[in-house]
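One structure below.
The values are calculated or read from the model by the stated rules, or taken from the named source; none is laboratory data. Nothing here was measured: the structure is a model prediction, and the numbers come from that model. Heads up, the Cβs are rebuilt from the backbone with ideal geometry, glycines too, and the neighbour counts pull from every protein chain shown. Remember, those area values only see protein heavy atoms, side chains included, never the ligands or the DNA or RNA. Shrake-Rupley method; radii C 1.70, N 1.55, O 1.52, S 1.80 Å.
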Amino acid sequence: MSDPVEQTHTPAPVRRTPDGIEAERSAPVSEPSGPFREALALAAGVFIACSPFYGAHRPIRRGLARLLRLDPRKVDLGGRLWNPMLAPLLLLLELQVGAWLRSGELYALAIETIPTLDPVTFVLDVLAGWLAIGGIAAAMALVTTHAAVRDSSSDPWFATLVRRAGDRYLGGSITSWEFARAKLRIDPVFEEVLSRGLPRSGGTLIDIGCGQGVMLALLTEAMAAARTSDRPEEPVPPPRFRRLIGIETRANVARLAASALGSGARIVRGDARTAGFEPFSAALLFDVLQMMSREQQETLLSALREVMAPDGVILIREADASAGWRFSRVRIGNRLKALSDGDFRQTFAFRSADEWLACFHRLGFAAELRPLRGESSSANLLFRLSRPADSHGHAPSRQAHSISRAAVYTRSR
C-alpha cells in the first residue's frame, strides 16, 4: 500500500480544532446523556452561534453547558456554525427581524440611516432578532439532530457503541458527526458485522473504501470495551483484530478518518485497484465493487484471495441488479451521490445476485449469502466469502453453488 495519510501514532487525549475548540477523543463525560440531550446540546451551541456577543461565544457556551448539564463537546460542535465571514450579514438580518417584530417596520438600507440610529433601540432590535433567528435555527438543529442520533437498535449496548464511535468525529464538523451517528444507527450492516460473528477475530482487518471510517471507529470502540469490564456478556462477542487498516481514495475523507481514528487504525489514501495488500484475516467491501468495471472487480478479488488467511473471510455488500424497483432506488441514489460529489463521469457495474455468486465461484471462493436485518425492502445483499472447505484452492462444488443460489431465490420472494 502506498501514500499513507496517517501512520500509527499516539493521540493526545485532548486536541484542538482550527477554531481553538477542544475536542476530547471518545472521552467520557459526567453529564446525563441520551439522544434528546445530545440534540439539545448541539441546538444550544447553534443558538449561541447566532448571538451578537462576538468574542464571548466560547465562555457563554461553556457556562450554558454547565448550567444545563450538557456535554460541552457537543455544545462546542453546534457553535461551529458561526462563520466570521457571514457575521455582518447575520447581524443585519437580526437587526431587521428585530425591528419588524418590535415596531412592524424595517430599517432603510442606506448610509444615511446610521446617524439616526438610537443605541438602545438598536441593541433591543438586535437582541429580539437574535432570539427569533437563533431560536428557529436551534429548533431546526434540535429536530434534525434528534432524528439522526436517536437509538433504533433493540440492543442498548450497540447503541452505546454507536454513540462512542460517533463522538470520535466531534473534532470535525456537525455534518461528519451527524453522518457517523446516522450511518451507524440506520445501516444494518454495521450491527450485523459486529454482533453476528461474520468476521472472526484475527490479525488484520482491511476496510476497502472505508469512507470516513465509521466501521473502523465502531470496531475500535468495541475492542476497547472488550478490554474493560464496561461490557455485558454477549452470545457472540465482537471480533477483535491486532490491526485495522482503511483504504480510501478521496484525500479529504481519508484525512477525516485518520483524525477520528488516531492510533486505532491506519488509514491509507490510495486506490485498491492498484494497491498491494498484506495478509489479512478479514476484508470489508461495502458498496465498493459496483464502482469498478467487471474486469477490475475480478482482478481485485483475485488479488485479495492470494493474501487472505486460510481461515480468512471477505464481506461484500452489493446491490442485486435483478431486484426490480428496489434496485432502481439504489441505482438512482448512487447516481445522485456521484453527482453531488462532482463525479459526473462515474460509471457503475452492477450484477444480479446469481451473477455475483457465479463470479465468486469462478474465482475460487466459497460464497454464502447472509440476510441483513431491516433490508427486506432493499436490493442490498451481504456475501461472506471464504476459502473452500478443502483448503487446497479448488473451486467449491456445484452442489454448494446451487445451495447458495437457492438462498438467493428464497430471500427474493
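If you roll a 1.4 Å probe over the heavy atoms of the protein chains, what accessible area per residue do you get for the range 133-292, in Å²?
Using a 1.4 Å probe on heavy atoms only, each residue of the range 133-292 averages 37 Å².
Within the accessible area of the range 134-197, what % is carbon and sulfur when the probe is 1.4 Å and the other protein chains stay in place?
Summing carbon and sulfur atoms, their accessible area is 62 percent of the total for the range 134-197.
According to a simple spin-label model (label point 7 Å from Cα along Cα-to-Cβ), what is the distance in nm between ALA224 and THR274?
Between THR274 and ALA224, the label points sit 3.5 nm apart.
Quick one: if you stick a label point 7 Å off each Cα along the C-beta vector at ALA110 and LYS337, how many nm between them?
That separation, rounded to one decimal, is 5.4 nm.
Restricting attention to the alpha-carbon atoms of the range 201-335, what are Rg (one decimal) and Dmax (integer), both in Å?
Looking at the range 201-335, its Cα Rg and Dmax stand at 16.1, 48 Å.
Can you report the principal axis dimensions of the range 36-153 using only the alpha carbons, biggest first, rounded to whole angstrom?
So the three principal-axis extents are 59, 26, 25 Å.
Per 10 Å bin from zero, what fraction in whole % of the C-alpha pairs of the range 239-289 is there, up to the bin with the longest pair?
Pairs per bin, as whole percents: 21, 57, 22.
Can I get the semi-axes of the range 74-124's equivalent ellipsoid? Compute them from the C-alpha gyration tensor as square roots of 5 times the eigenvalues, in angstrom, largest first.
26, 13, 10
Any chance you could run the full-extension gain for SER201 through SER328? It's 0.36 nm times the residue separation minus the Cα-Cα distance, nm to one decimal.
Answer, rounded to one decimal: 42.1 nm.
Tabulate in residue order the Karplus-calculated ³J(HN,Hα) for the range 215-221, using 6.51 cos²θ - 1.76 cosθ + 1.60 with θ = phi - 60°, rounded to whole Hz; enter x for Gly and Pro.
Here the 3J(HN,Hα) series is 5, 5, 5, 5, 5, 4, 5 Hz.
Could you give the accessible area per residue of the range 45-89, probe 1.4 Å, as a whole number in Å²?
Dividing the accessible area of the range 45-89 by its residue count gives 50 Å².
If Rh is defined by the Kirkwood formula over all Cα pairs and Rg also comes from Cα, what ratio Rg/Rh do you get for the range 269-384?
0.96
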